[in-house]
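Q: Pasting in a structure now, in structure tokens, and then I'll have a few things to ask.
The values are calculated or read from the model by the stated rules, or taken from the named source; none is laboratory data. This structure is a prediction, so every number in the text was calculated from the model and none was measured. Positions of Cβ are generated from backbone atoms using ideal geometry, with glycine treated the same way; all protein chains shown enter the neighbour counts. Keep in mind that these areas ignore ligands, DNA and RNA; they rest on the heavy atoms of the full protein, side chains included. Shrake-Rupley method; radii C 1.70, N 1.55, O 1.52, S 1.80 Å.
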Amino acid sequence: MASSTSRDLPWQPIFTIERSGRKEVTVYGIVALVEGLANAEQSISAVRPITVLGDTSYQLWSRSLLKPWQLIQHLHILKNNYPALTDEHLALFMASHSAEPRHIEMLEEIIAITGAAEDKLKCPPAAPLSSETRDSIGDGEKARRRYHNCSGKHISYLSAIKAEGNNPDNYLLESEVHHVRLRKILAELVQRPLDSLLSTTDGCQLPNYALSVYEMAYLYQSLLSPRPVSFVDEQIQPCAASYSQLGQLMHQYPRAISGGGRVDYRLISQDLFGPTAAPVVAKEGADGLLGVGIGPCERYANGLGLCIKLSSGFDNRHMELIVKEVLKKLQLIGPRKEMRKIPREVKTDHIKTHFHFKVV
């Protein structure tokens, strides 16, 4: 059987760990880091690359990195029809939540406000990621649709469909109006023909679309960008007014969109590397994706966007190492006091980490 060569794959080495001069670990993937440009309209032409590694034009399934744009296509509908929804509820609609007790409490509050019942959700039943919730249910209902990490997103779809008077039984169909709006929004933002957006079925059963790592880096830059968004297509023009709220919600309620101990939550809350020189939003995606938006600051007046794809799937330690190196090279974090003291007799200077990308 013929074996693949590195030229057949979009991945490149991101970093290598050596022990006493011999390679021990090499992590492969794709990295795109983009910077916003001054005096530019909000579109993919409004950024320039400052770091690229691997084939950043390779189209990947966007998975949960898509959630802010899945929300924006009906955010104005939810706000107009359910004024009792709080900002924290709106943040949960972008969640890959851990089914922590507060997540479940918010889902109950949303159901009471919108009337979008759990038995109408079409995400698969799942066990909660939260150990606290697992312990509280004991031997009871271990798998429920509300425990699925995408249940907040699904309830947002049901609530918006109910407000529009459409059939909730059809909300997974790609032909439905909310998916049409989403495709139009993505096509305008990344400046691609509508029919170029490849589609699949995500793990939560909603349609998902393929975007390049470079395009996803741009989309995350746009979340905290000072540039306003406008859409030409009349069907999605009403979505533009709420666009800037996406990044604000993610930054204000990181626990609502993720969960304790998760990389994206710890990045936004500045628990991972200490204070950053700019506001940060982040979102984990299945199978090794991370999107990061960095707001305007003294060094980068129009913000930055970062997308990382690990070829081997999500690994917290590997992702943290890469993000830390990027933020250090951008001079957005300083040295952090070592919390864990290593005894002087423990030898570590024979272990070296080499990163294979530069920030220019």
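Q: Would you rank 156, 199 by solvent-accessible area, highest first, keeping every protein chain in place and using a 1.4 Å probe?
A: On the way: 156 0, 199 55 Å².
Final ranking, largest accessible area leading: 199, 156.
Q: With an 8 Å Cα cut-off and a minimum separation of 6 or more residues, compute the relative contact order for segment 242-301 in percent. Intermediate results must be reported in sequence, preceding the final value.
A: On the way: 62 pairs, mean separation 14.3, N = 60.
Reported relative contact order: 24 percent.
Q: Restricting to DSSP H runs of at least four residues, report the calculated mean residue ellipticity at 222 nm for the chain, -39500 (n - 2.57) per run over all residues, nearest 500 deg cm²/dmol. Mind dumping the intermediate values first?
A: Values: 12 runs with 113 residues, N = 360.
It lands at -9000 deg cm²/dmol.
Q: Now for a different question. To the nearest 20 debye, what is the magnitude of the charge dipole of the chain about its Cα centre, counting +1 on the Cβ of each Lys and Arg and -1 on the Cβ of each Asp and Glu? Write out the running numbers ahead of the final one.
A: Numbers: 41 positive and 39 negative charges, 257 e Å.
Here the size comes out at about 1240 debye.
Q: Under the 0.36 nm per residue contour assumption, what length would be gained going from the current alpha-carbon distance of residue 198 and residue 80 to full extension? Can you show the working numbers first?
A: Details: separation 118, 0.36 × 118 = 42.48 nm, distance 3.15 nm.
Gain on stretching residue 198 to residue 80: 39.3 nm.
Q: Let me ask another. DSSP loop GluC sites (Glu not before Pro) in segment 184-291 with at most 16 other Cβ atoms within 10 Å of their Cβ, which ones?
A: Numbers: sites: 188, 215, 234, 284; in loops: 234.
Passing sites in segment 184-291 are 234.
Q: Is segment 56-99 rounded, prolate or oblate when judged by the Cα gyration tensor, a ≥ b ≥ c being the square roots of its eigenvalues, rounded requiring a/c under 1.5 and prolate requiring a/b larger than b/c?
A: oblate
Q: Report the calculated FRET efficiency for residue 252 and residue 348 (r = Cβ-Cβ distance, R0 = 41 Å), to the nearest 0.05.
A: On the way: r = 39 Å, r/R0 = 0.94.
Step by step, r from the Cβ atoms, then E = 0.60.
Q: Please list, by residue number, every one of the GluC sites (Glu not before Pro) in segment 68-148 that is coil in DSSP and has at most 13 other beta-carbon atoms within 10 Å. Mind showing how you got there, number by number?
A: On the way: sites: 88, 105, 108, 109, 118, 132, 141; in loops: 141.
Sparse-neighbourhood loop GluC sites (Glu not before Pro): 141.
Q: Another question, if that's okay. In Å², what does the accessible area per residue of the chain work out to with a 1.4 Å probe? Intermediate results must be reported in sequence, preceding the final value.
A: Details: 16300 Å² over 360 residues.
That works out to 45 Å² for each residue.
Q: Residue 314's amide H: which non-local residues (gap 5+, or another chain) put their own amide H closer than 5 Å, with H modeled 1.01 Å from N in plane and none for Pro or chain starts?
A: Distant-sequence amide H within range of residue 314: 287, 288.
Q: Keeping the other protein chains in place, figure out the carbon and sulfur percent of the accessible area of the chain, with a 1.4 Å probe.
A: On the way: 7880 of 16300 Å².
After summing per-atom areas, the C and S share lands at 48 percent.
Q: In the chain, once you exclude exposed trypsin sites (Lys or Arg not before Pro) (DSSP loop, at most 11 other Cβ within 10 angstrom), what's the longest stretch remaining? Display every interim value, and only then the final one.
A: On the way: sites that count: 336, 337, 340, 341, 344, 347, 358.
Answer - 1-335.
Q: Here's something else I'd like to know. Compute the signed sum of charges (Lys and Arg +1, Asp and Glu -1) over the other residues within less than 12 Å, Cβ to Cβ, of residue 24.
A: Details: positive: 19, 22, 23, 352; negative: 18.
Summing Lys and Arg as +1 and Asp and Glu as -1 gives +3.
Q: Under the 0.36 nm per residue contour assumption, what length would be gained going from the current alpha-carbon distance of residue 122 and residue 45 to full extension? List each step's numbers first, then the result.
A: Details: separation 77, 0.36 × 77 = 27.72 nm, distance 3.69 nm.
Between residue 122 and residue 45, full extension yields an extra 24.0 nm.
Q: For the chain, what does the relative contact order come out to in percent, with C-alpha contacts under 8 Å and a separation of six or more? Let's see the in-between values first.
A: Values: 676 pairs, mean separation 89.7, N = 360.
Over the chain, the number comes to 25 percent.
Q: Which log10 I(q)/I(0) values, to two decimals, does segment 28-78 give at q = 0.20, 0.27 Å⁻¹ under the Debye formula with one point per Cα?
A: Ignoring solvent entirely, the Cα scatterers give -0.94, -1.06.
Q: Rounded to whole Hz and in sequence order, give me ³J(HN,Hα) for segment 198-208 from the Karplus expression 6.51 cos²θ - 1.76 cosθ + 1.60, θ = phi - 60°, writing x for Gly and Pro.
A: Ordered by residue, 3J(HN,Hα) equals 5, 10, 8, 9, 6, x, 7, 5, 7, x, 9 Hz.
Q: Using only the alpha-carbon atoms of segment 69-199 as identical scatterers, what base-10 log of I(q)/I(0) does the Debye formula give at q = 0.19 Å⁻¹?
A: Summing over Cα pairs of segment 69-199 leads to -1.06.
Q: Measure off 7 Å from each Cα along the Cα-to-Cβ vector at residue 180 and residue 237, then give the distance between these two points in nanometres to one decimal.
A: Reported label-point gap for residue 180 and residue 237 is 1.7 nm.
Q: Compute the signed sum of charges (Lys and Arg +1, Asp and Glu -1) over the other residues within less than 15 Å, Cβ to Cβ, of residue 300. If you can, show how the numbers build up before the last one.
A: Details: positive: 48, 227, 299, 328, 329; negative: 35, 298.
Charge balance near residue 300 sits at +3.
Q: Multiplying the sequence separation of residue 88 and residue 105 by 0.36 nm and subtracting their Cα-Cα distance, what value in nm do you get?
A: On the way: separation 17, 0.36 × 17 = 6.12 nm, distance 1.15 nm.
Value of the extension gain: 5.0 nm.
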